[in-house]
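First up is the structure itself, then whatever we jot down about it.
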Amino acid sequence: MEQIIGTIPSRTLSLLLDFPGWSGRVLDLGCGNGSFDYRAFPHASVVAVDRTLTDGVMSKHATGIVAESRTLPLKSGRFDVVVMNHVLEHLPQPEIILSEARRLLHDRGFLYVSIPNGRGFDDWLYRSLYSLCGFGKAGHGHINRFTFDSFLKLSSDIGFEIVYYCDWFSAFSYLPDHPRWSWLGWLQKPFIEITRFIDGMFNSDFSRYGWMFLLQKR
């Protein structure tokens with residue numbers, strides 16, 4: 001199943017929130033501009049958490065909380081689903097954040113995580129472009145370099161079991177969005193087509209951004 005990185009597909013959350021007897025309580029942890037379209041789930045009770053919140057998030061039928069993800073002022077076992085969409089690669093001590101997510105889930109609740117392949121071409125290109133121009137932090141905030149196996153071990157040690165995963169494939173969206181080298185945007189479409197062609201020919205993974213994991217609290 002191929003997915004392009006970005007917001008979470010509505011069908012994925014629909015499967016989770018339609019469980020019989022569930023309250024539809026969702027925590028979007030490190031929400032940014034919103035990991036999914038909150039308005040598409042009017043029956044869900046969404047809490048959006050980040051260090052800063054945009055007006056856009058607050059207008060999307062969510063309760064906003066400004067807080068650090070390490071210690072959240074929320075009751076244990078409150079949520080059916082915790083979402084961390086492109087978050088863990090940015091945070092020091094990811095085991096602390098995963099433990100906090102587990103605390104906030106009720107028994108057998110689900111954790112949705114997306115992460116880049118820290119040893120893949122896409123993450124290398126992202127880190128290199130931002131490091132070369134000296135913009136922001138090294139690697140533009142990607143401080144953790146997960147592999148498939150290292151993330152599964154970490155999440156298992158915290159107390160999660162894997163239910164499902166799929167590959168995320170890159171749209172190279174950071175090329176036209178680069179703060180100093182926006183002219184690189186013309187490479188976006190060729191990169192998409194060339195990396196997928198190479199992968200099809202040689203069974204490589206140049207086009208893979210990383211993975212989406214659906215985990216369940218043990």
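Structure values in brief
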{"read-out": "Residues of segment 127-173 classified as at pLDDT 80 or above, out of contact with any Phe, Trp or Tyr (no Cβ under 6 Å at 6 or more places or on another chain), part of a loop (DSSP other than H, G, I, E, B) and not charged (D, E, K, R), total", "value": "8"}
{"read-out": "Within segment 27-111, strands (runs of 3 or more DSSP E) holding 2 or more residues that are in contact with a Ser or Thr (Cβ under 7 Å, 6 or more places away or on another chain)", "value": "45-50, 79-85"}
{"read-out": "Yes/no for residue 215 being out of contact with any Pro (no Cβ under 6 Å at 6 or more places or on another chain), of a type outside the set (Gly, Ala, Ser), more than 19 Å from residue 114 (Cβ to Cβ) and not in a loop (DSSP other than H, G, I, E, B)", "value": "no"}
{"read-out": "Among (1) acidic (Asp, Glu); (2) closer than 21 Å to residue 216 by Cα; (3) out of contact with any helix residue (DSSP H, G or I) (no Cβ under 7 Å at 6 or more places or on another chain); (4) surrounded by fewer than 18 Cβ atoms within 10 Å (Cβ to Cβ), the one test that residue 55 misses", "value": "(2)"}
{"read-out": "Residue count for segment 150-172, restricted to those that are out of contact with any Gly (no Cβ under 6 Å at 6 or more places or on another chain) and under 16 Å from residue 117 (Cα atoms)", "value": "13"}
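One line per residue, one yes/no per condition, for (1) touching a helix residue (DSSP H, G or I) at 6+ places or on another chain (Cβ under 6 Å); (2) surrounded by 14 or more Cβ atoms within 10 Å (Cβ to Cβ); (3) over 17 Å from residue 212 (Cα atoms):
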{"position": "70", "(1), (2), (3)": "yes, no, yes"}
{"position": "86", "(1), (2), (3)": "no, yes, no"}
{"position": "92", "(1), (2), (3)": "no, no, yes"}
{"position": "113", "(1), (2), (3)": "no, yes, no"}
{"position": "116", "(1), (2), (3)": "yes, yes, no"}
{"position": "120", "(1), (2), (3)": "no, yes, no"}
{"position": "125", "(1), (2), (3)": "no, yes, yes"}
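The values are calculated or read from the model by the stated rules, or taken from the named source; none is laboratory data. Since the model is a prediction, treat every value here as computed from it, not as a measurement. All Cβ positions, even for glycine, are placed from backbone atoms using ideal geometry, and neighbour counts span all protein chains on display.
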